Structure formats: C-alpha cells, structure tokens
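Here is the structure we will look at, set down as structure tokens.
The values are calculated or read from the model by the stated rules, or taken from the named source; none is laboratory data. Predicted, not measured: the structure shown is a model, and the values here were computed from it. As a convention, Cβ positions derive from the backbone with ideal geometry for all residues, glycine included, and neighbour counts pool all protein chains shown. Just the protein is used for accessible areas: all its heavy atoms, side chains included, with ligands, DNA and RNA removed. Shrake-Rupley method; radii C 1.70, N 1.55, O 1.52, S 1.80 Å.
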Amino acid sequence: WDETHFGKMGSYYINRTFFFDVHPPLGKMLIGLAGYLSGYDGTFPFQKPGDRYEQHSYIGMRGFCAFLGSCLVPFAYLTVLELSKSLPAALLTAFILIFDTGCITLSQYILLDPILMFFLMAAVLSMVKCNSCADRPFSASWWFWLSLTGVNLAGAMGVKFVGLFVVLLVGLNTIYDLWDLLGNLSLSLVTFGKHLLARALCLIVLPLVLYMAMFAVHFTVLNKSGPGDGFFSSAFQSQLVGNNLHNVSVPEHLAYGSVVTMKNLRMAGGYLHSHWHLYPEGVGARQQQVTAYLHKDLNNLWIIKKHDSDTADLSNPAIPVEFVRHGDIIRLEHKETSRNLHSHQHEAPLTRKHFQVTGYGINGTGDSNDFWRIEVVGRKAGKLIKVLRSQVRLTHVATGCILGSSGKTLPKWGWEQVEVTCTPYLKDTPNSLWNFEDHINPRLPNISLDVLKPSFAEILLESHMVMIRGNSGLKPKDNEVTSKPWHWPINYQGLRFSGVNETDYRVYLLGNPVIWWLNLVTIGLYLLIAVSTAVTLKRGVQLTSEHKELSRVVLHGGGQIMLGWLLHYLPFFMMGRVLYFHHYFPAMLFSSMLTGITWDTLLKFCAGFFSSSTVSRKVYGGGFLALVLLIVYSFYLFHPLSYGMIGPMASDPSSPMAGLRWMDSWEF
C-alpha cells in the first residue's frame, strides 16, 4: 500500500533526487538512512503493492519501522506506570498494544506511521517523567526529561503535521504547570521566571532549531533535479543539479522583443501554453486554445511586444533596448503560432463567471482585447521586472480581469492540460500570479542565475506553503475507499494493504475488534467514573487513603490521557482533506492507555467492597486475568489479518475467515 510512496522516497534520498511530499522530511530521511546503512542501493522501482523485492535489500527499512513500532509497547507501559503507579494497569496497556492486529500491521511495513507514533509516545512519556520530577526542579533528571520532551516534539512534527496535536498536549500541560507554580506563594517571581525561561528554551527554541535543521539536511541531501521540481518556484529549481535552470545565464531584466516562458505560482501551476488546436463548438468563442502545461515545451514561448507598435524593428542594433516596466501595457505573441494572448466576455470552459482566454489574430495583428497591463507585486510604477524573482500579475485592459490558472484539468479536447482563465475577482492568489522563467534576448547581457538564489529562510517558507497547499489539495479520487472519523473508533472498515483476489497473499489493516470495542466502551466508562469521582470530592465525602489515591489517578492521570485522545481525534472532523483509517492510530494509543488505567481502577474499586483481603485479591486477579485471556484469544482468531491470508475471501462461506466477518463492511 503506502510502501509504494515512502519506500520510493527513501530511494530518492539514497540517490539524492529531489521530490515533493505533503509531509515534513524526517520520516522519509530516516527510512532512507535505514536503507542506506543496511545495504539497499535505492534502485527498486516501488511501482505497485504486491511487487516482489527479489534481490533488493529491503529488510533494513522494514526492520527499522518495526523496531520503532515495537517501542510503542514499553513507552505506553512506562507512561501508564508513571501515571497510575500500578503495575497491572501498565501490563494491561502493554497486552492491548502487543495483541492488536492493527498496530502490528501498521508497524511492519515501510510507513511513516510507526515513526510518527514512536516520537509521539516518546514525547508523552518524557512529559509525564518530567512532571514526576516537579518536586526537584532544575535537577539533572528534570533537565534531561524536559529537553527530551522538546527533542521528541521536533521529531513528531518533523514526520507529519499531525505531530502538532502532541505539541498542543504538551503545551496545555506546561501552561497548567506554570499556572500552578504562579499560585505557589513560597516561590519568588525570579524563580518563576527561571521556570518560564527553562520551558521556553526546551519546549519552543530547541524543537524549532531541530525542526529547521531537518529541512537544512533535506535540502542539502536532495540536490539533484527530480519529480518534485515543478511544485517549486523557478528560483528554487535553479539550485538543482540537472534542472534546465541550473548554472544557466539569462538577461536579468525584461525588455521588449524578449522571448520568455511564464510559470504560474500555484503549486504545480504549469507554464502559459498555446497550440494550433481550437476550442470546440459550444465552448466560448471558437479561437485557439490557451492552457497551462506542466512540462517544458516550445509551445510555452511568448514574445513581449509593445501594445501600439510591432517589434520587428527591435532587433535593429541602432535602436536602444527598451525595458518593460511595472504598469506598462503590453501584448504577448505566441512564438510558434503568431497569435496574441487574448480575452473577452465569453465564459471560461470549466470555471463559471471567469472569462475565456484564447489565442487571436494573424501574424501578431489582433485587436484591443490583446492588451494587458503588467504589474509586479509590491513594486512602484516604473520599476524594472526581474526574471525568476518578480511576481507579476497581468490585468486585461478591456475587461479589468486578471490572467490566472484555475487548476482544473480540461477534457480530452484540451489534451488534459490545465485551464487558463481571466478572473474578474481581483485578489492576489498564487493562481493569478506568474513569474518569468526562460528569457532569451541576444541584445542584453546575461547574468548567472546564482545571483537570484533564494535564501534558506525563503526556501523554508516556500516548502511549507507548498506542503500546506498540497495537503489541502488531497481530495478523494473516484472509487477510492476513504473513511469518516466516526468510522474509526468502532472499527467500521479496514484498509487493504496488499492483495485483492483469492489467489493473492492478502494483508488487511483492521484493529483487533475485541480490543477496539473494549477501548470504545472504556471511554464512556471513564467519563462516568470521572464525573462521579469529581462529584464525590466536591461534596466533601470522607474517603480512605486508598480511594483518595484512586481518585487522583482517575482525574489527573486519566484526565491527561483523555485530553490526548480528544486532541488526536476531534480535529479530524474539521479537516477537508481525504482521510484514511490509519489516521486514528495515534488516538488509539491514548485510548489503550486509558483502558489500562480505567479497568485497573474499576477492579480495585470492586475488590474494595469485600472485607476479606483474600476474596478481594481473587476478584481483582480474576477480572484482570479474564481481560488478558479475552485479548489474547481474540488475537489468536484475527492474527491472519496481520500476517497474511490466502484462499477464498471471507464473504465466501467456505473461507476459514468466514465466521470472523462480524461486520459486512470488513472486506478481508
């Protein structure tokens, strides 16, 4: 399944080939590093799930992810042990994660999820450990756990943007801590200032420095041109070895008579392009098509002309070169077909209320609808226009609309290129901004593009803009199995990892239903226990020391874990991007820890009703044993989902898995 993406990206790091992905780089860098250290040479094509690795050394990459996935068990165990001070609660949590088919399936392949969950759980464990050192602030162990929390926050953020949720959890915990310290009158304000500064250093400055360092390594390693070039600006591309802008010399400022290509600034925006084909009958005026095309092509070349005179005489060396300036009115003539860039009040082919853009005229002679005002963002009138660096907008003089690319793909008649329109809505979006990339003018001196190289801060900002736009552009494809957030806790539908038909070796991502439904019931049970505990304490009921300790565990320990679950689950209801079942797994870790704490508390409470200590121990032990046996037996039933099935599908009565298809939505 996603090995086809992340395995391939690991190969790109080994080959130093630049690519684009919607997630920050740390996860893929670690996969590439694991492959490199274990002898993988980066040559496997990773085309489709189910392809055989043959002689390629893939074990290192899978082993690395499996190792990090295995670390989730001790991390969760130690976190629960720290919060509840109860060995059985920690053991129950560990059993849940060891015997969950979903966690096993997700951890044993080359995916980002085990890496993300490793840093996330490590951050939670460090935070909890740091809280337990609160009675000896500024000691070596306190500094160690506080700094480690910061390192793990940077790790979680560096793998996927959902790492922000654990940053939020640690942030809320820190605010609560500081508020508590502020109320402690035995602390001087100077000491409180030290606490504040220590947390700012370890939890804000340190993670930010590490996060930026990841990107510095990412851009240093990936220095060769590759499939990701087109997503980035021309100035960025000029740094990549093998890109046609690398080590190129072009004239710096635009002049009349120059031959140029124009690139749209929206992500993967494409070049302004035209060709001999006309718009079909019924689609605006039957004139020459103008589109945005993602690849380099001779049909992307345009000649800049003055709106009121021809440029034939501009090649005459006796006439001085005239530069194009901000605010000038120009014509753009398509070099191959000699038609002018033209717009009029016919509707665009796909985007309603936008105007159609066409190629019009014969040998550069057209009409007043070919005139465009060129303006540079943030510049004053009369300023020159730079290649690569200037962001320009072209305003149609006759209608006042702005030339832009809608990002929509045209049908077969438009060669499935991208629609170009003239938008009457006058706001600066990347869709309506362009920059000049190629620039040919024999009468001007050339400068090296290195002079126009962007700084690290500009590259960092641009890569984040591109990632955010890429994330919001992830919409479901036709017939794609996506899922809704309410499906996840009830284990409504799994995800096919590999294999589709009876003869394939099939792996199916589905949580162990007994564990997942136990977790779901426990969330309701926890809320019930927490509310009744809070009411009891509020009413001033006298509690034994044991019950006081239990109520502290429920409200404080359980509360932190419950907050973690809410922060890692609820935001998905507000996301517009395409969602998958595996997005729930970070929240599932929190609900598993909550199950350990809640059932331990409940069993202790029930056992407390018996006056005889032998009976109460038996009740507690029996309940604990029953839960563990239930979890282990359910794993025995469902383990083929993780380790692979072959033969008839479960919907066939003769299949060995037929009796385990408890829900019709499970497709194993």
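A few points about this structure:
Residues checked against (1) open to solvent by 10 Å² or more (accessible area, probe 1.4 Å); (2) at pLDDT 95 or above:
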| site | (1), (2) |
| --- | --- |
| I59 | yes, no |
| P74 | yes, yes |
| A89 | no, no |
| G102 | no, no |
| I110 | no, no |
| L125 | yes, yes |
| C130 | yes, no |
| P137 | yes, no |
| S141 | yes, no |
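- Residue within segment 169-177 that is within 30 Å of P454 (Cβ to Cβ), open to solvent by less than 60 Å² (accessible area, probe 1.4 Å) and under 22 Å from the mean Cα position of the chain (by Cα) present: no
- Residues (closer than 14 Å to I104 by Cβ and in contact (Cβ under 8 Å) with a residue 60 or more places away in the chain) located in segment 54-92: L72
- Of the strands (runs of 3 or more DSSP E) that lie entirely inside segment 379-451, those containing 3 or more residues that are buried (at least 20 other Cβ atoms within 10 Å of the Cβ) span 392-396, 402-409, 418-423, 434-440.
- When the criteria are applied in full, G27 fails the requirement of being farther than 29 Å from W516 by Cβ, touching a helix residue (DSSP H, G or I) at 6+ places or on another chain (Cβ under 6 Å) and touching a residue at least 24 places away in the same chain (Cβ under 8 Å).
- Residue match in segment 436-444 (condition: under 16 Å from F323 (Cα atoms), of a type in the set (A, V, I, L, M) and touching a strand residue (DSSP E or B) at 6+ places or on another chain (Cβ under 7 Å)): yes
- Of all residue pairs spaced 6 or more apart or on separate chains, those with beta-carbon atoms under 6 Å, a first member in segment 280-298 that is buried (at least 18 other Cβ atoms within 10 Å of the Cβ) and a second member that is in a loop (DSSP other than H, G, I, E, B) are V283/P349; Q288/R339; Q289/Y279; T291/Q417; A292/G270; Y293/G270; Y293/Q417.
- Of everything in segment 587-637 that is of a type in the set (S, T, Y) and within 30 Å of L169 (Cα to Cα), the residue that is surrounded by the most Cβ atoms within 10 Å (Cβ to Cβ) is T598.
- Residues satisfying the stated conditions in segment 109-138, i.e. under 21 Å from the mean Cα position of the chain (by Cα) and not hydrophobic (A, V, I, L, M, F, W, C): Y109, D113, P114
- Any chance S611 is assigned to a helix (DSSP H, G or I) and in the same structural domain as R552 (by the TED database): no
- Members of segment 244-279 that are open to solvent by 30 Å² or more (accessible area, probe 1.4 Å), under 30 Å from S472 (Cα atoms) and either modelled with pLDDT of 85 or more or not assigned by the TED database to the domain that holds V387 (or both): N244
- Positions within segment 260-294 being of a type in the set (D, E, K, R), within 18 Å of G407 (Cβ to Cβ) and in contact with a Phe, Trp or Tyr (Cβ under 8 Å, 6 or more places away or on another chain), in sequence order: K263
- Any hit, segment 244-262, residues being touching a helix residue (DSSP H, G or I) at 6+ places or on another chain (Cβ under 7 Å), over 30 Å from I14 (Cβ atoms) and in a loop (DSSP other than H, G, I, E, B): yes
- Residue check, F144 at negative phi, among the aromatic types (F, W, Y) and free of Cβ contacts under 8 Å to residues at least 12 places away in the same chain: yes
- Counting the residues of segment 497-551 that are more than 22 Å from T101 (Cβ to Cβ), touching a Ser or Thr at 6+ places or on another chain (Cβ under 8 Å) and surrounded by fewer than 16 Cβ atoms within 10 Å (Cβ to Cβ) gives 3.
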